[in-house]
Amino acid sequence: MISTQAITDAYHRIKNVVLETPFLLNHNLSEQYDCNIFLKREDMQSVRSFKIRGAYNKIKGLTEGQTENGVVCASAGNHAQGVAMSCAKLKIKGTIYMPNPTPNQKITKVKQFGGEWVEVILTGDTFDDAYESALIASQERMMTFVHPFNDEEVIAGQGTIAKEMLEQIDAPLDFLLVAVGGGGLLSGVGSYFKQVSPSTKIIAVEAEGAAALNASLKNGELTRLDMIDSFADGIAVKEIGNITYRIIKEVINDNMTVPEGAICSSILKLYNEEAIVVEPAGAVSIAALDQLQDKIKGKNVGIIVCGGNNDVNRTQEITERAMLHEGKKHYFIIRFPQRAGALRDFLNVLGPNDDIAHFEYTKKTNRTNGPALVGLEVQSKIDFESLVARMRDQGINFEHINDNPMLFEMLV
């Protein structure tokens, strides 16, 4: 583990740059899950994520020789913003590699924070692609590489969150939920908690589509995923670090994964009910509460809201994924009979709470014979079950494709 002294040293090194974010009881979530849920609001940092802590601690500790040719990093967005701000404040040149699908909001903020001190280069489709390019640039241009998670100084910086949390709360925490991508946050926070508050049970939470820690723990060794879902871009990595993996195995009590759809539901709920804007990585631990509600009843639960860099252009996708996860939106392939009035008969099958959200003939050249892709919105699971029953009773020729990944990804 990272020593408490290293984390305390990091705390003093970064305290004039990093905000001490609130760690407050959230009444709505606490009432819903019948426990005391405290949110550490790292989404309120100047760069809207915790990443400034580790990045600044690392760069501030470099020697003049190590920064002579500048620094370089790879990031899906949040680490990039932390490095950019650190470079600007310390007047050190930085080159930042980011994957092409990075939300524009994050790219713009990196350029704003770094100003003239930072160059942004977009490359590849995932963090891992950007990482490989950054490593090559580091070797060719003799720049110091600032790793987003697999570095003890970076980990120590992230661990300062734990020091703040334990100083901000009077009652001990029974559970601490921490989002995991590369593992830097969990390694730092977990190290501090295990040494200062060992009774706190630490639960690692990953997005289901990029669960590198879960795969490694199951296989008993560091495991690299072949493919990942990059939706939760702040924590979407194919492999966690070897340093973080060793620490994580020592500090966690349990690990779990949550579907991307559940993350989307949490994002919308936080916005609609709390006016809190979070990115997918920032909502992943809150999305885990449904699976944990029996364990956490009556307990004190800490959650790190690790980032709030969400792009408004993703709202439609987030809403779609949330509705699919909640069973409120369903897609069907429907083959209508070749007769007049067939479409009207189908419309009569719909209930008062059912809405057509999508209608498209899949065979563009022959609509009279081709099946249609139909998206329907319902209010509840009961509405969906009764709709399906009516479709069967009326002899509608349909196939429900929500649970058919190949058809769904091809058509929707």
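For the charge dipole of the range 327-411, defined by +1 on Lys and Arg C-beta atoms and -1 on Asp and Glu C-beta atoms about the Cα centroid, which residue among ILE396, GLN338, SER380 has the Cα displaced farthest towards the positive pole?
GLN338
Once label points are set 7 Å from the Cα along Cα→Cβ at both ALA171 and LEU343, what is their separation, rounded to one decimal in nm?
Here the answer is 5.9 nm between the modelled labels.
Spelling out what I want: for every residue of the range 178-183, take phi, set θ = phi - 60°, compute 6.51 cos²θ - 1.76 cosθ + 1.60 (Karplus), and round to whole Hz; glycine and proline get x.
3J(HN,Hα) across the range 178-183, in whole Hz: 10, 5, 10, x, x, x.
Over the chain, how many percent of alpha carbon pairs lie in each 20 Å bin up to the one with the longest distance?
26, 50, 20, 4
Which FRET efficiency value, to the nearest 0.05, do you get for ASN100 and GLU31 by plugging their Cβ-Cβ distance into 1/(1 + (r/R0)^6) with R0 = 45 Å?
0.60
Using Cα springs under 10 Å in a Gaussian network model of the chain, which residue among VAL47, VAL205, VAL374 shows the largest mean-square fluctuation?
Checking each option, the largest mean-square fluctuation is seen for VAL374.
Mean-square fluctuation check for the chain, GNM, Cα pairs under 10 Å: which of ALA207, ALA171, ALA80 is largest?
ALA171
Of the listed pairs LYS58/LYS297; LYS163/LYS295; LYS269/LYS381; LYS163/LYS299; LYS58/LYS249; LYS109/LYS299, which have alpha-carbon separations greater than 27 Å here?
Going by Cα-Cα distance, LYS58/LYS297; LYS109/LYS299 fall outside the 27 Å limit.
With angles folded into 0 to 90 degrees, how steeply does helix 152-168 sit against the dominant principal axis of the chain? Use alpha carbons for both and round to 10.
On a 0 to 90 degree scale, this one is about 80.
Taking amide H atoms as placed 1.01 Å from N in the peptide plane, list the residues 5 or more away in sequence, or in a different chain, whose amide H sits under 5 Å from that of LEU19.
Distant-sequence amide H within range of LEU19: SER46.
Under the rule of at least 5 residues apart or a separate chain, name every residue whose amide H is placed under 5 Å from the amide H of THR95.
It is VAL71, VAL72, CYS73, GLU119, by chain and number.
I need the shape label for the range 253-326. Rule: rounded when a/c is under 1.5, else prolate if a/b > b/c, else oblate, with a, b, c from the alpha carbon gyration tensor.
Note, shape of the range 253-326 comes out prolate.
Calculate the radius of gyration of the Cα atoms of the range 1-68 to one decimal place, then report Dmax, the largest Cα-Cα distance, as a whole number, both in Å.
Calculated on Cα positions, Rg and Dmax stand at 16.2, 54 Å.
For MET391, what is the net charge nearby, where nearby means another residue's Cβ is under 15 Å from its Cβ and Lys, Arg count +1, Asp, Glu -1?
After counting each charged neighbour, the total is -2.
Where does each of 184-196, 347-359 land if you order them by average Cβ count within 10 Å, highest first?
Per-residue Cβ counts within 10 Å, averaged per peptide and sorted highest first, yield 184-196, 347-359.
Would you list the P(r) distribution for the range 94-192, with all Cα-Cα distances sorted into 5 Å bins from 0 and each bin expressed as a whole %?
So the P(r) values, bin by bin, are 2, 11, 16, 17, 19, 15, 9, 6, 3, 1, 0.
Give me the base-10 log of I(q)/I(0) for the range 52-145 at each q in 0.19, 0.22, 0.26 Å⁻¹, Debye formula, one uniform scatterer per Cα, rounded to two decimals.
Computed log10 I(q)/I(0) values: -0.77, -1.04, -1.39.
For GLN112 paired with GLN66, estimate the spin-label separation in nm (one decimal), with each label point 7 Å from Cα along the Cα-to-Cβ line.
3.0
Compute the helix-to-body angle for 4-14: its Cα long axis versus the longest principal axis of the chain, expressed 0 to 90° and rounded to tens.
90
So what's the convex hull volume per residue for the Cα atoms of the range 264-374, in Å³?
Taking only Cα atoms, the range 264-374 has a hull volume of 152 Å³ per residue.
What's the extension gain from ASP294 to MET44 if we count 0.36 nm per residue and subtract their Cα-Cα distance?
Gain in length upon complete extension: 87.0 nm.
May I ask you to order 17-25, 218-226 by the average number of other C-beta atoms within 10 Å around their residues, highest value first?
Ranking the peptides 17-25, 218-226 by packing returns 17-25, 218-226.
Positive end of the charge dipole of the chain (Lys, Arg +1 and Asp, Glu -1 on Cβ, about the Cα centre): tell me which of MET410, PRO198, ALA212 has its Cα farthest that way.
Farthest towards the positive end: MET410.
Using each residue's phi in the range 201-208, evaluate 6.51 cos²θ - 1.76 cosθ + 1.60 at θ = phi - 60° and report the 3J(HN,Hα) Karplus result to the nearest Hz, with x for Gly and Pro.
With the stated coefficients, the range 201-208 comes to 7, 9, 10, 7, 10, 10, 6, 4 Hz.
Using alpha carbons only, how many angstrom separate the centre of the range 24-76 from the centre of the range 377-396?
Spelled out, the Cα-based centre of one part sits 46 Å from the other.
Could you tell me what % of all Cα pairs in the range 327-411 have separations over 18 Å?
Across the range 327-411, Cα pairs with separations above 18 Å total 40 percent.
Treating the angle as unsigned and between 0 and 90°, give the value, to the nearest 10°, between the Cα long axis of helix 260-274 and the longest Cα principal axis of the chain.
80
With an 8 Å cut-off on Cα pairs and a minimum separation of 6 or more residues, tell me the relative contact order of the range 216-292 in percent.
It rounds to 27 percent for the range 216-292.
Would you kindly compute the Cα radius of gyration of the range 28-96 and its largest Cα-Cα separation (Dmax), both in Å?
That works out to 16.5, 54 Å for Rg and Dmax.
Run the numbers on the chain and let me know its relative contact order in percent, using alpha-carbon pairs under 8 Å that are six or more apart.
16
Starting from the 7 Å offset along Cα-to-Cβ, what nm value, one decimal, do you get for the label separation of GLU221 and GLN379?
Modelled inter-label distance: 5.6 nm.
All of the numbers you see were taken from the coordinates with simple rules; none came from a lab. Given the structure is predicted, the values throughout are model-derived calculations rather than measurements. For neighbour counting, all protein chains shown are included, and Cβ atoms are generated from backbone atoms with ideal geometry for every residue, glycine included.
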